[in-house]
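*Asks:* Structure incoming, see below.
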Amino acid sequence: MTATRASQTVRPARLLIVDDQEQNIRMLERILAKAGYEHVTSTTNSTEALALKTRVKPDLILLDLHMREKDGFAVLEEIVAHNGAAEHVPVIMITADDSADTKRHALALGAKDFVGKPFDSAEVLLRIRNHLETRFLYQKLRDQNVELEAKVVERTKELEQSQLEVLERLAAAVEFRDDDTGNHTRRVAQVSAMLAQAIGLENTTVELIRRAAPLHDIGKVGIPDSILLKAGPLTGEEFEIMKTHTVIGSRMLSKGRSELVRFSQRIARSHHEWWDGSGYPDRVSGQSIPLEARIVAIADFLDALTHERPYRPAWGIDETLAEIKRRSGTHFDPIIARTLAEIDWQSTSVLVA
């Protein structure tokens, strides 16, 4: 490759020269200018090297080894220590000392190459060009990896959203089996979000709970209609089968990678756990029950009691709130139960079908 062609390839490169001999710097600048390098910064003060490197952000550094204020080894150590994990700024040492020990020491500290004194213009340009090409290829590969990762993240989000849409449709289908309006999950989601906000959770978490709550009963897809749609009370055996909807739902959601699906999985499994540990399926208690499941548990109970079912009439809001208060500390988290009672339900339409 000719010098002209090389200059066209690396013309945008930024170079930094650190050498305490002014004549050496001027000579290198002439060599570089003739080859087409337009962005060259230099200093004869080695103590300024790190600050210049930070300001200029060079693509390559030419560093003298023997300097008065601070020698090249010390400067090299500073530069390498300052480099970020993803940074790849080659340092070429300028030295008339071609001893094996000197080279080994510099290479061990992070130097990439050497340029001897007196300068051979062709050699200087060849070494600079080779290291710049390596740096630019490294940067291109890094940028491609970033772009690829962004595409993977975008595609993953698309797949997760598609998965969630399927699950939401499935949950809606399950709900229509025993709720002709299909509004139960929507109301539970709204009440859950109101509670999450009222107890001071971050907006992101509130939104996660709002979107995850409708999937709380998705496991009922695995419950026979003879049990799910039964008009009267369930027998002990039938109730044990009904209880498995928590485990079924948990398994359906267990392979999800997104935070939203993980929230949904915890809610589906644990929204029938009791504060005192007498719930199901795992009989966990208190703070061991995921917070999002404790919130949805109360929202689900509130909506279920205030709406008519085939086996009982709807309860009034005051009667329902009194029952939740009675169950505070046994069935429900006391803090969430108290928060629920403080909401002005008379002025909200969230429970309206």
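The values are calculated or read from the model by the stated rules, or taken from the named source; none is laboratory data. This one's a predicted model, so the numbers in the text were calculated from it and none came from an experiment. Reconstructed Cβ throughout: ideal geometry from the backbone, glycine too, with neighbour counts over all protein chains shown.
*Asks:* For segment 308-331, which positions are more than 40 Å from the chain's Cα centre (by Cα) and assigned to a loop (DSSP other than H, G, I, E, B)?
*Replies:* Scanning segment 308-331 gives Glu308, Pro310, Tyr311, Pro313, Ala314, Trp315, Gly316.
*Asks:* Does Asp303 count as closer than 22 Å to Leu195 by Cα, under 35 Å from the mean Cα position of the chain (by Cα) and of a type in the set (Asp, Glu)?
*Replies:* So Asp303 passes the test.
*Asks:* Only strands (runs of 3 or more DSSP E) wholly contained in segment 45-127 count here; list those with 2 or more residues that are of a type in the set (A, V, I, L, M, F, W, C) and outside the structural domain of Lys140 (by TED's automatic domain parsing).
*Replies:* Hits in segment 45-127: none.
*Asks:* Going by what's in this entry, would Arg262 be described as more than 32 Å from the chain's Cα centre (by Cα), charged (D, E, K, R) and either surrounded by fewer than 18 Cβ atoms within 10 Å (Cβ to Cβ) or not assigned by TED's automatic domain parsing to the domain that holds Asn183 (or both)?
*Replies:* no
*Asks:* What's the number of the only condition in (1) surrounded by 15 or more Cβ atoms within 10 Å (Cβ to Cβ); (2) in contact (Cβ under 8 Å) with a residue 40 or more places away in the chain; (3) touching a helix residue (DSSP H, G or I) at 6+ places or on another chain (Cβ under 7 Å); (4) not acidic (Asp, Glu) that Leu229 fails to meet?
*Replies:* (1)
*Asks:* Still on this model: Among the residues of segment 90-121, which ones are in contact (Cβ under 8 Å) with a residue 60 or more places away in the chain and of a type in the set (Gly, Ala, Ser)?
*Replies:* Ser121
*Asks:* Still on this model: If you check Asp217 against the conditions, is it at pLDDT 90 or above, over 20 Å from Glu259 (Cβ atoms) and surrounded by 10 or more Cβ atoms within 10 Å (Cβ to Cβ)?
*Replies:* yes
*Asks:* Can you find even one residue in segment 320-328 that is β-branched (Val, Ile, Thr) and within 20 Å of Gln190 (Cα to Cα)?
*Replies:* yes
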